[in-house]
Amino acid sequence: MKLVKTIDEMRAFRKATRKSGQRLGLVPTMGALHEGHLSLVRAAREKSDLVTVSIFVNPTQFGPNEDFAKYPRNLESDSALLQREKVDVIFTPSVEDMYPADAVTWVTVEGMSDRLCGKSRPGHFRGVTTVVSKLFHIIEPDVAFFGQKDAAQVAIIRRMVRDLNMPVAIEVCPIIRESDGLALSSRNAYLNPGERKSALVLSRSLQRVQKLFDEGKRDAERLITAGKQEFAKEPAARLDYFEIVDPDSLEPISTILQRALIAVAAFIGNTRLIDNILVDPQF
Ligand code: AMP
């Protein structure tokens, strides 16, 4: 496994491998790796010849009062995990290399970037689409792997790739959860034992809505109310949003007649967590 720290070295590696026609799979991450990330790495291992994992805590996707400074960084343990998964390259550039001090160019998926997490985290998705574009340009992957955990991110990146004709396939992998239902997240490390219990309200609210959906309920407002009721019973949680939207456009849906994304975000103490499910009346 190769540890690549500069953009120049990454480009040189890609140039050398292009000649051999090997299919390169990219898994973009911010590190602090867990089984959710590793599921993407395993999918990449299965579907590509060369696997590159980028580890970059991207400053432009954090708001001024968010957790960029304290975000967990453990390159050593991340490297050990990735070595075990037979990853070929870890790309871990510095902030200075990725963002020259006078950089003023952004990639924005307009409209969609203001929905769901984009509403409460202004500029977040602009940071995501800009850094993912940069990674695509530097690494030139044939295929890139993302988690359904960040459902809005998936929709926005798919739209960006389509709108800008980026020559990369996007693969989406299911959400990996703890046995009690909590979606794995690097931010779960912030939770104290009490908060860890309270955090189950996210998956519990989605399960409740899933059950009502399975019983035939289709009215979004009613389903949202049922989901929000779970939060009313959990004083340690502060709901950011509970929404039902079209999974491709992220536009709100009033009656579920086709595939729908049910997405939730909430603060547990100071930790902001997200979760979602996809439902489909056709199945
Ligand atoms: P992050 O390091 O949080 O930026 O996440 C990197 C990638 O891992 C993103 O595509 C996430 O959607 C994905 N990911 C994070 N948590 C999970 C999870 N619990 N299950 C599946 N994928 C995940």
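The values are calculated or read from the model by the stated rules, or taken from the named source; none is laboratory data. Everything numeric here is computed off the predicted structure, so don't read it as measured data. Here the Cβ positions follow ideal geometry from the backbone for every residue, glycine too, while neighbour counts run over all protein chains shown. Surface accessibility is based on the protein's heavy atoms, side chains included, excluding ligands, DNA and RNA. Shrake-Rupley method; radii C 1.70, N 1.55, O 1.52, S 1.80 Å.
With the structure loaded, tell me whether ALA169 is more than 7 Å from the ligand (Cβ to nearest atom) and either in the same structural domain as ARG42 (by TED's automatic domain parsing) or open to solvent by less than 60 Å² (accessible area, probe 1.4 Å) (or both) or whether it fails that test. Please lay out each step first, then the result.
Values: more than 7 Å from the ligand (Cβ to nearest atom): yes; either in the same structural domain as ARG42 (by TED's automatic domain parsing) or open to solvent by less than 60 Å² (accessible area, probe 1.4 Å) (or both): yes.
So ALA169 passes the test.
Give the residue, chosen from GLY31, GLY63, that is more than 14 Å from the ligand (Cβ to nearest atom), closer than 30 Å to VAL264 by Cβ and either open to solvent by 50 Å² or more (accessible area, probe 1.4 Å) or assigned by TED's automatic domain parsing to the domain that holds GLY127 (or both).
GLY63
For LEU261, state whether it is assigned to a strand (DSSP E or B), among the aliphatic types (A, V, I, L, M) and not assigned by TED's automatic domain parsing to the domain that holds ARG162.
The answer is yes for LEU261.
If I ask for residues that are under 15 Å from ARG238 (Cα atoms) and either touching a residue at least 40 places away in the same chain (Cβ under 8 Å) or among the small types (Gly, Ala, Ser) (or both), which ones from the stretch 195-211 would you list?
GLU195, SER198, ALA199, VAL201, LEU202, SER203, SER205
Go through (1) of a type in the set (Phe, Trp, Tyr); (2) within 15 Å of the ligand (Cβ to nearest atom); (3) more than 14 Å from the chain's Cα centre (by Cα) for TYR99 and report which single condition fails.
Failing condition for TYR99: (2).
Could you list all residues from the stretch 45-57 that are of a type outside the set (D, E, K, R) and either farther than 15 Å from ASP78 by Cβ or touching an Asp or Glu at 6+ places or on another chain (Cβ under 7 Å) (or both)?
Scanning the stretch 45-57 gives SER48, LEU50, VAL51, THR52, ILE55.
Could you grab me the full set of residues in the stretch 189-206 that are within 16 Å of the ligand (Cβ to nearest atom) and either open to solvent by 30 Å² or more (accessible area, probe 1.4 Å) or not assigned by TED's automatic domain parsing to the domain that holds ILE268 (or both)? Walk me through how you get there before you give the answer.
Going through the stretch 189-206, the residues within 16 Å of the ligand (Cβ to nearest atom) turn out to be 189-191, 196, 199-200, 202-203, 206.
Across the stretch 189-206, the qualifying residues are ALA189, TYR190, ARG196, LEU200.
Quick check: anything in the stretch 223-240 without any contact (Cβ under 8 Å) to a residue 24 or more places away in the chain and within 22 Å of the chain's Cα centre (by Cα)?
Scanning the stretch 223-240 turns up no residue that is without any contact (Cβ under 8 Å) to a residue 24 or more places away in the chain and within 22 Å of the chain's Cα centre (by Cα).
Residues being in a helix (DSSP H, G or I) and either of a type in the set (D, E, K, R) or on the phi > 0 side of the Ramachandran plot (or both): count how many of those fall in the stretch 159-168.
3
May I ask you to say which residue of VAL172, VAL161 is among the aliphatic types (A, V, I, L, M) and in contact with a Phe, Trp or Tyr (Cβ under 7 Å, 6 or more places away or on another chain)? Talk me through it step by step, then tell me what you get.
Working: VAL161 fails: in contact with a Phe, Trp or Tyr (Cβ under 7 Å, 6 or more places away or on another chain).
The unique qualifying residue is VAL172.
Quick one: GLU96 ticks every box in (1) touching a helix residue (DSSP H, G or I) at 6+ places or on another chain (Cβ under 6 Å); (2) surrounded by fewer than 16 Cβ atoms within 10 Å (Cβ to Cβ) except a single one, so which number is it?
(1)
So the check is Cβ under 9 Å with 6+ separation or different chains; which pairs have a first residue in the stretch 93-115 that's assigned by TED's automatic domain parsing to the domain that holds ARG126 and a second one that's among the aromatic types (Phe, Trp, Tyr) and in a loop (DSSP other than H, G, I, E, B)?
PRO93/PHE56; SER94/PHE56; VAL95/PHE56; MET98/PHE56
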